[in-house]
Amino acid sequence: MAILTGAAMVLAACGGTAAQAAKPAAPSRTVAATVGSAHPYVLYTHCGIDEARIGNRYFEAIHPLSDGRDDPPAGWGNPYQRGTMTLLSPDEALFRDNAGHQVLFRARPGAKSFMHVCA
């Protein structure tokens with residue numbers, strides 16, 4: 001059974017590294033999840049949609065999204081977008097929201113932190 005963090009963080013390349021900046025604060029709620037189950041998820045979008053943390057695993061967007069100025073695209077919340085995250089398999093997850101947005105994420109095997117941290 002995987003653990004899905006209801007308060008997700010997605011960080012884009014706004015500059016800096018994981019060692020240089022703290023992760024953004026987000027509501028903290030962890031729920032048990034199984035493959036195929038959708039759970040409430042708060043996606044961190046401040047510098048675009050690029051990465052997600054689900055439980056203690058790190059995922060990256062297959063097709064990162066940005067407005068080209070290190071912000072989320074038009075129509076996305078900033079700094080967060082509420083929706084659901086569904087584990088499609090142990091290594092793939094799908095974020096969806098009520099606005100019709102969908103982002104597919106793949107696990108980064110062995111990752112211990114985000115690749116980029118928004119400054």
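The values are calculated or read from the model by the stated rules, or taken from the named source; none is laboratory data. Only a predicted model underlies this, so the values are computations on that prediction, with no experimental measurement involved. Cβ coordinates were reconstructed from backbone atoms using ideal geometry, including for glycine residues, and neighbour counts include every protein chain displayed. Calculation scope for accessible area: heavy atoms of the full protein, side chains included, ligands and nucleic acids excluded. Shrake-Rupley method; radii C 1.70, N 1.55, O 1.52, S 1.80 Å.
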Answer yes if at least one residue in the range 24-38 is within 16 Å of Met115 (Cβ to Cβ) and either at pLDDT 95 or above or open to solvent by 20 Å² or more (accessible area, probe 1.4 Å) (or both), and no otherwise.
-> yes
Tally, over the range 85-119, of residues that are exposed (fewer than 15 other Cβ atoms within 10 Å of the Cβ) and within 17 Å of Val42 (Cβ to Cβ) | 3
What residue, of Glu51, Glu60, is acidic (Asp, Glu), touching a residue at least 12 places away in the same chain (Cβ under 8 Å), open to solvent by less than 60 Å² (accessible area, probe 1.4 Å) and closer than 22 Å to Ser37 by Cα?
-> Glu51
If you take the residues of the range 63-84 that are among the hydroxyl-bearing types (Ser, Thr, Tyr) and part of a strand (DSSP E or B), which of them is most open to solvent (accessible area, probe 1.4 Å)?
-> Tyr80
Of residues in the range 85-116 being part of a strand (DSSP E or B) and of a type in the set (D, E, K, R), the one farthest from Arg57 (Cα to Cα) | Arg96
